[in-house]
Structures are given as C-alpha cells and as structure tokens.
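Just below is one structure, and these are the notes that go with it.
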Amino acid sequence: MTQTVSLAGAVTGVGSWPGTDAREAATIVLGELGRLPHLVELPARGLGADMIGRASALLVDLQLDVSTTAYRVISRRGSVAKRATDLLNQDLDALEEAWETAGLVGADHVVKVQAVGPLTLAAEVEFGTGRRVLTDPGAVRDFAESLGEGVARHAAEVTRRLGAQVLIQFDEPRLPAVLAGTLSGRTRLETVRALPEPEARAVLEATLTGSGGVTMVHCCAAGIPTDLLRRSTARAVGLDVAQLTAADLDGIGELLDAGKELALGLIPSVAPSTPTTWRDLAAPAVTLIDRLGFPRTTLRTQVAVTPACGLAGADEQWSREALRLCSEVSSAFTDDPESL
C-alpha cells in the first residue's frame, strides 16, 4: 500500500547541515528522522553547495556562474554549475548508500528534497549587467519554469535510486521582501519594484506545478505571506514560529482551515545560551493552536516539527540534539496533546 506523502505527525529537518561529510550527514539524518528524512545540504563546502549554488545543478537550459557580488546568468555551462552537479551527485550517492545500509530499499517510505524557490532565486541571481533577475518579468517566468522542470527530474532520480516517494520543499526566505519591495538595487540606477501578490503567486505556482510532485513552501523570515501560500497548490507551509506576530495569527488559522499542513520550526537552529527542554520548546505551538481556537489534536493531524531553520550554523553536538528535541516534541503532540 502506498504511503500518503504527508508531514502530519512527522519530524524532519529544514535542509542544511553542518560540516562537509555527505556520508556522515546522510547516516545521521536517516538515523534520527526515520519517517521523513531529507537529502542534506552542506553549504560549508563552498560555491555550488549553498542554496543558490545548488540551483545551478537543477536549472534546465539556464546557466549560472559566480561574480564578485552574486551568482550570475551566463550563456554556457561554467565551472560552478559543474561543481554543483558533482556535489549534488555526491549527496545522492551518500543517501543511497545509507538508505541501502539501513535496509530501506523496497520499503514504503517518503524522503524530502529541497530547492530554492523561484522568487528567492530571481531575487538573488544577477544578469551580466548586475541587475537582479527579479527586475525582468519574462526572465522570472523562464527561471520559474526551468526550476520546476529541473526539480521534477531531480525528484524522479531520487525515486529511481531509493524507491521512495518524494516531498519537494521550496525555500523562499526572500518572499516577504519581494512582495514588500524592500530589496535594494545592485546598482545605483536599479530599482527593485514590489511584486504584486497575484504575479508572485503565478511565478511560484509555475514552479510548484512544474515540479510534478507533492510540495511545501518554507519561509523562515518574518512577515510570511499566508494568504498567498493558502491560495497556492503547496500541500504544506514551513515557518519559524519565533517570527510570528499577532498580525500573523489570522493567516495561520486560515492556512489550517484550508487544510494546509504546517511544518512548525520550534527548535533553535543554534545551541541556546541557556539549557532548554522539549516542553519549553513545545509551548509556543500549543499556545498558537489554543489562541487560534483549534483543538489540540490539530498538533497531531496537521503539524510537523522542525528546527527553526537550517542547521548549517550549528555545531555537530547541537545539530544532533536539535533533531532529538524535534522528535520529543513531536511525540508529545502525537501521543497526548491535551496534556501539554
């Protein structure tokens, strides 16, 4: 029987992981995140391993290289794209090896992969002139379609290697700034306009539907655009609970009313200065659900638990501890949320 691709009641990581050893990272993540492991990102390896750099290994018929200020569109495949592809293949090899060692081949499992979202990608990548791609609507559409197609191919490769279903996460940390028009120009003459929400949603949707899979959108920035995400076809929305304000509450409630699943970032991405317990970390989610007037069982039926954001900035000890705490919080949500 095929398992439904769902985050509800699961624990997973956001994506990035400390260090440079893909095999060690894959083994740890598989061991800690049995139900919903993810393909790790190791940005400490440098160019091509960060969120934008990895996109250069995924885009179809669009090429990126690096300039002195940012990743830049070029006309032919360069060294950065080749390096990004090599690193991605190393990560896939490591996950496949760990998957086989864990005896998961042929079983019914789901694995999560991550890619930068189209709006953040367009905000961060430059043309040869130095302007952000975001300033050209036609180019933005091209990037959105190229990214969707590339991620579809990537997900198919993961399924071929592992025999697993795939959940696709698109990371959109720049989404609030894109909508608000608060991005600065890369040159003195450049103005980056605010992207109207319908236009932004169409761009995001081109990538979501183009990927051909079950999707979620993760945004760990303040001011998460809940209405846009509610109207999208994404199954789930990931967010950092610490970034929420009173102004966000109605929107979060509407996401839940619409049947969206929430991946709540509850565990700090770096070790806190004072010791903390799983109960302390669970409290903001319990308070959120109570304030919205939803039953506590919502924590079991529509919520997954994650770190607040990626763990690339954590040390090895905290990265493991963060996943352990995620599991403890999730167990409490699943077993007896009314007792919290």
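Can you tell me which residues in segment 249-295 are at pLDDT below 95 and in contact with a helix residue (DSSP H, G or I) (Cβ under 7 Å, 6 or more places away or on another chain)? None - no residue of segment 249-295 is at pLDDT below 95 and in contact with a helix residue (DSSP H, G or I) (Cβ under 7 Å, 6 or more places away or on another chain), so the list stays empty.
Scanning segment 42-58 for residues that are of a type outside the set (Lys, Arg) and open to solvent by less than 20 Å² (accessible area, probe 1.4 Å) yields a total of 8.
Yes/no per residue for (1) assigned to a loop (DSSP other than H, G, I, E, B); (2) over 13 Å from Val14 (Cβ atoms); (3) touching a residue at least 60 places away in the same chain (Cβ under 8 Å):
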{"site": "Pro275", "(1), (2), (3)": "yes, yes, no"}
{"site": "Thr287", "(1), (2), (3)": "no, yes, no"}
{"site": "Thr306", "(1), (2), (3)": "no, no, yes"}
{"site": "Leu311", "(1), (2), (3)": "yes, no, yes"}
{"site": "Gln317", "(1), (2), (3)": "no, yes, no"}
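Among the residues making up segment 68-101, a single one is in a loop (DSSP other than H, G, I, E, B), in contact (Cβ under 8 Å) with a residue 60 or more places away in the chain and open to solvent by less than 60 Å² (accessible area, probe 1.4 Å): Ala70. No other residue among Val66, Val73, Val11, Val60 is closer than 15 Å to Gly310 by Cα, in contact with a helix residue (DSSP H, G or I) (Cβ under 9 Å, 6 or more places away or on another chain) and among the β-branched types (Val, Ile, Thr) apart from Val11.
Residue-level check: of (1) open to solvent by 30 Å² or more (accessible area, probe 1.4 Å); (2) within 21 Å of Val178 (Cβ to Cβ); (3) in contact (Cβ under 8 Å) with a residue 40 or more places away in the chain, Thr245 misses just (3).
Does Pro275 satisfy being surrounded by 15 or more Cβ atoms within 10 Å (Cβ to Cβ), more than 23 Å from the chain's Cα centre (by Cα) and farther than 21 Å from Leu229 by Cα? The answer is no for Pro275. Flag: Val14 matches the condition of being of a type in the set (A, V, I, L, M), in contact with a Cys (Cβ under 7 Å, 6 or more places away or on another chain), within 24 Å of Arg153 (Cβ to Cβ) and at pLDDT 95 or above. Close contacts from segment 133-146, counting a first residue that is closer than 9 Å to Ala206 by Cβ and open to solvent by less than 40 Å² (accessible area, probe 1.4 Å) and a second that is of a type outside the set (D, E, K, R) and in a helix (DSSP H, G or I), with Cβ to Cβ under 7 Å and a gap of 6+ residues or different chains, come to Ala144/Pro118; Ala144/Val203; Ala144/Ala206; Ala144/Thr207. Could you go through segment 188-196 and let me know if any residue there is at pLDDT 95 or above and basic (Lys, Arg). No, that holds for no residue.
A Cβ distance below 7 Å, combined with a sequence gap of six or more or placement on separate chains, defines the contacts here; from segment 38-50, residues that are free of Cβ contacts under 8 Å to residues at least 40 places away in the same chain and farther than 10 Å from Thr20 by Cα reach residues that are part of a loop (DSSP other than H, G, I, E, B) and of a type in the set (Ser, Thr, Tyr) in the pairs Gly48/Ser56.
The values are calculated or read from the model by the stated rules, or taken from the named source; none is laboratory data. The shown structure was predicted, so the numbers you read here are calculated from the model rather than taken from an experiment. Reconstructed Cβ throughout: ideal geometry from the backbone, glycine too, with neighbour counts over all protein chains shown. Just so you know, the surface numbers come from the protein's heavy atoms only, side chains and all, with ligands and any DNA or RNA stripped out. Shrake-Rupley method; radii C 1.70, N 1.55, O 1.52, S 1.80 Å.
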